[in-house]
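Colleague: One structure is given below, represented as structure tokens, and several questions about it will come after.
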RNA sequence: GGCGGGUUGGCGGAGAGGUUACGCAGCGGAUUGCAAAUCCGUGAAGACCGGUUCGAUUCCGGUACCCGCCUCCA
């Protein structure tokens with residue numbers, strides 16, 4: 001049992017993680033608004049918290065961890081897309097078109113995040129499934145004096161919660177002083193935020209004590225975390241951009257609605273993603289989705305590896321060079337370890353992860369383990385019997401530990417090696433090249449050997465020739481169709 | 001303008017007040033029909049200016065630059 005330490009945004013310190021109940025560790029992570037394909041930035045918290053989820057499952061048993069990640073399916077951008085389809089002549093109701101859009105987006109999201117080796121959370125609630133819970137929570141907040149109705153809206157009374165700003169380190173007065181936001185005239189205080197807002201006939205809405213309307217953005221996470229994890233739970237995560245105002249508002253709502261509970265005990269925020277040193281944005285033209293990368297032939301496992309190279313609390317820069325390095329390393333590992341069954345994760349890897357999710361350190365530990373594996377294999381193959389018997393553990397044992405450790409990071413997952421071309425049988429080409437080479441050795445005319453070698457290289461095959469013989473391996477850009485042309 | 005985070009060798013990226021991080025790339029060598037792969041070896045850093053200290057890349061202060069949030073763009 002290792003002590004997991006996590007940097008708690010609330011205290012700004014690295015703390016020992018002690019779950020409320022070690023038989024039921026709860027984690028809530030803010031999920032996507034399902035209006036379009038997930039972009040690469042959306043994928044970072046998914047990988048970060050998937051890695052934490054895997055670590056928690058390893059430490060507390062898989063069925064003792066409950067991971068909740070929501071789908072926000074109430075949103076103006078979703079409405080806009082549905083209205084666009086309606087305007088284009090679709091006969092279905094607006095609600096049906098909204099459902100259609102969110103359904104297809106969720107399916108994309110699942111496919112893309114699956115490709116990154118992310119486990120599905122235990123529960124993936126949709127906001128629209130918890131409207132009743134949100135209304136009940138809002139009613140409670142009004143009854144307790146923490147919210148008020150004004151001009152068809154319900155607003156949270158920020159001044160009624162003394163600790164407002166504790167998470168993000170802001171004071172209400174400072175924020176008002178520096179505010180650049182236009183303040184709605186019906187607000188008691190500029191910082192008050194919307195819990196419920198009215199919907200007109202062109203927008204989706206639900207009946208409520210305040211008329212037909214829809215929830216504000218923040219209340220869904222408060223309602224869903226309460227329903228699914230209770231008034232006190234262990235970990236709440238999300239991107240740093242959510243720290244304020246989203247998480248601050250969640251805290252205010254939840255703590256005022258359920259003063260008996262402590263809400264989330266450990267707040268984790270991942271830093272943002274950049275692309276080639278700049279913020280990813282549509283205006284800079286460096287905006288792309290996870291699907292874009294997958295479509296370019298960059299495997300999800302490579303994307304994940306690149307993410308893991310950077311600590312989650314540092315800004316992460318996506319570069320083509322990193323992807324290249326990650327792919328090279330993964331190919332090396334896959335070649336040796338494909339098909340190896342996992343045993344138990346390596347202590348060094350687990351300790352790295354337990355130290356505030358030091359994924360970079362964990363990858364370094366894996367490199368070290370790989371080096372040790374090669375050394376042991378050499379001794380096993382060429383060493384004296386005395387050397388062999390003195391080995392602390394066999395190569396097979398190290399391999400099992402390596403794979404278990406990699407899988408703790410979401411790498412080298414079972415069935416996840418198709419992209420390296422492991423399924424293609426290169427033996428016929430190996431035999432042909434070997435035969436040509438043996439003939440060339442005698443004739444000293446290597447032109448036929450070089451021709452075949454070039455063709456194989458062009459098909460993305462790595463050609464290795466040594467005294468021991470010829471070895472062919474699928475390499476970067478491996479293309480089985482080009483190979484067939486050589487038949 | 002307010003608040004927060006950061007700045008390490010060509011690139012990525014750590015720990016530690018004094019000892020080689022490490023990986024990739026580079027360079028030298030071994031090996032190879034040639035390459036590739038592999039192995040051995042190797043140079044290279046701590047944004048800038050001060051301070052504390054016997055000694056700082058590591059602690060403190062300032063400057064510059066970068067990033068994020070403050071705007072329902074993760």
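Only the coordinates and a few stated rules stand behind these numbers; no lab work does. Since the structure is predicted, the reported quantities are computational estimates derived from the model, not experimental observations. Cβ atoms come from the backbone with ideal geometry, glycine included; neighbour counts cover every protein chain shown.
Colleague: When you check residue A:142 against the structure, is it part of a helix (DSSP H, G or I), under 16 Å from residue A:210 (Cβ atoms) and in contact with a helix residue (DSSP H, G or I) (Cβ under 9 Å, 6 or more places away or on another chain), yes or no?
Modeller: no
Colleague: In the range A:453-480, which residues are part of a helix (DSSP H, G or I) and surrounded by fewer than 18 Cβ atoms within 10 Å (Cβ to Cβ)?
Modeller: Correct list: A:454, A:455, A:457, A:458, A:480.
Colleague: I'm checking my understanding of the structure. Among residues of the range A:284-304 that are more than 9 Å from RNA strand B (Cβ to nearest atom) and assigned to a loop (DSSP other than H, G, I, E, B), which one is nearest to residue A:221 (Cα to Cα)?
Modeller: The qualifying residue nearest to residue A:221 (Cα to Cα) is A:288.
Each row is one residue, and each column tells you yes or no for (1) more than 12 Å from RNA strand B (Cβ to nearest atom); (2) without any contact (Cβ under 8 Å) to a residue 12 or more places away in the chain.
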position: A:373; (1), (2): no, no
position: A:411; (1), (2): yes, no
position: A:441; (1), (2): no, yes
position: A:458; (1), (2): yes, no
position: A:464; (1), (2): no, yes
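Colleague: Test residue A:16 against the criterion of being surrounded by fewer than 20 Cβ atoms within 10 Å (Cβ to Cβ) and touching a helix residue (DSSP H, G or I) at 6+ places or on another chain (Cβ under 7 Å), and give yes or no.
Modeller: The answer is no for residue A:16.
Colleague: Take the range A:5-38 and flag every residue that is assigned to a loop (DSSP other than H, G, I, E, B) and within 16 Å of RNA strand B (Cβ to nearest atom).
Modeller: A:9, A:10, A:11, A:12, A:30, A:31, A:32, A:34, A:35, A:36, A:37, A:38 - these are the residues of the range A:5-38 that are assigned to a loop (DSSP other than H, G, I, E, B) and within 16 Å of RNA strand B (Cβ to nearest atom).
Colleague: Taking the range A:332-365 on its own, how many of its residues are in a helix (DSSP H, G or I) and near RNA strand B (Cβ under 10 Å from one of its atoms)?
Modeller: The total comes to 9.
Colleague: Test of understanding: among A:102, A:51, which residue is surrounded by 23 or more Cβ atoms within 10 Å (Cβ to Cβ), over 23 Å from residue A:359 (Cα atoms) and away from RNA strand B (no atom under 12 Å from the Cβ)?
Modeller: Being surrounded by 23 or more Cβ atoms within 10 Å (Cβ to Cβ), over 23 Å from residue A:359 (Cα atoms) and away from RNA strand B (no atom under 12 Å from the Cβ) holds for just one of A:102, A:51, which is A:102.
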